[in-house]
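Everything on this sheet refers to the single structure shown next.
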Amino acid sequence: MALRIDLSEKMTIVIGASSGIGAAIARRFAASGSHVVLAARREEKLAETKCKIEESGDSASWKKVDVTNYEQVAELVDSTAREHGQIDILINCAGHAVAKPLLQTTVEELDAQLDSNLRGLCYSCHATVPHMIRQGSGHIINIGSICSMNHYPEYATYVAAKFGVLGFSRSLYEEVRHHGIRVNVLCPAAVNTAWADVAGAKLPWPQDERLQPEDLAETALFCVSLPKRVQVENIVLWPTCEPTV
Ligand SMILES: NC(=O)c1ccc[n+]([C@@H]2O[C@H](COP(=O)([O-])OP(=O)(O)OC[C@H]3O[C@@H](n4cnc5c(N)ncnc54)[C@H](OP(=O)(O)O)[C@@H]3O)[C@@H](O)[C@H]2O)c1
């Protein structure tokens, strides 16, 4: 049975909300009553997600943001705080991979993976935490991966970025916990999104046996539903189906 929680007093920013996990989280949080600010680069996809949310009678707005650009991220965060008075929940879903051995990876591909998965997430936390400190509360959910704790050939740069997400998140939590801010990391294995196609990845689970983006949305909602005394460090999600390799 789906979790029922009232987020009607809450303001949520989802970065990487134009597709996949971020779009599913945005829909789920909006359905629980939160106003959701959707951010990513593809405007038509953001508009589509906002439309779906509004068709269900829920509330969302969107802003075009490249998470690797600090000014754009700061403007997203500051304008949200200005217009809505608060930022209760920040969810970082932006990221991509390029599945190639390191020596076949161009420097541009290498930088882009570190930037979208890690640098952008550090940027959004850096811009948002001061608002949460002023409020005396806040919840940050970062999307890591099983690559945050395991090694995979052909993913060295992506693995480095996702290890970074976990290390950054745990360290940040220690810095902000006494301000009532929690930082959680969701670490999924294969999720049925466009990620694998973008990466050129061959995942060892058939498409229909992978996790669904809605599973991540439900898990994110679960984290937010827990009493303030509970800090979930990270949650690892695997498909129950055995991998084929
Ligand atoms: N699918 C999986 O198997 C899997 C497993 C473990 C972890 N993850 C992680 O889950 C997260 C979401 O991926 P997904 O599976 O939902 O794939 P997806 O559908 O390809 O979504 C990726 C999202 O990241 C956004 N993004 C990428 N670069 C960005 C940038 N520079 N600025 C702003 N937004 C950016 C994309 O938006 P725009 O292109 O519109 O900017 C899109 O909304 C990623 O961090 C991924 O590494 C995925």
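General observations
- Filter result for Ile89 (modelled with pLDDT of 95 or more, among the hydrophobic types (A, V, I, L, M, F, W, C) and closer than 24 Å to Ala196 by Cα): no
- Among the residues of the stretch 164-181, those that are out of contact with any Ser or Thr (no Cβ under 9 Å at 6 or more places or on another chain) and over 18 Å from Ala127 (Cβ atoms) comprise Arg170, Glu174, Arg177, His178.
- Just one residue in the set Ala99, Ala161 is among the hydrophobic types (A, V, I, L, M, F, W, C), touching a Lys or Arg at 6+ places or on another chain (Cβ under 9 Å), modelled with pLDDT of 95 or more and assigned to a helix (DSSP H, G or I); that residue is Ala161.
- Residue ID - nearest to the ligand (Cβ to nearest atom), chosen from residues in the stretch 129-140 that are closer than 18 Å to Glu9 by Cα and within 18 Å of the chain's Cα centre (by Cα): Ile140
- Conditions (1) within 26 Å of Pro188 (Cα to Cα); (2) more than 13 Å from the ligand (Cβ to nearest atom); (3) outside any strand (DSSP E or B); number of the one not met by Val36: (3)
- Taking the criterion of being within 12 Å of Ala24 (Cβ to Cβ) and in contact with a helix residue (DSSP H, G or I) (Cβ under 8 Å, 6 or more places away or on another chain), the residues of the stretch 189-211 that qualify are Val191, Asn192, Thr193.
- Of all residues in the stretch 161-195, those being more than 16 Å from Ala23 (Cβ to Cβ), surrounded by fewer than 20 Cβ atoms within 10 Å (Cβ to Cβ) and within 13 Å of the ligand (Cβ to nearest atom) number 4.
The values are calculated or read from the model by the stated rules, or taken from the named source; none is laboratory data. Not measured: the values here are computed from a predicted model. FYI the Cβ positions are ideal-geometry reconstructions off the backbone, even for glycines, and counts take in every protein chain you see.
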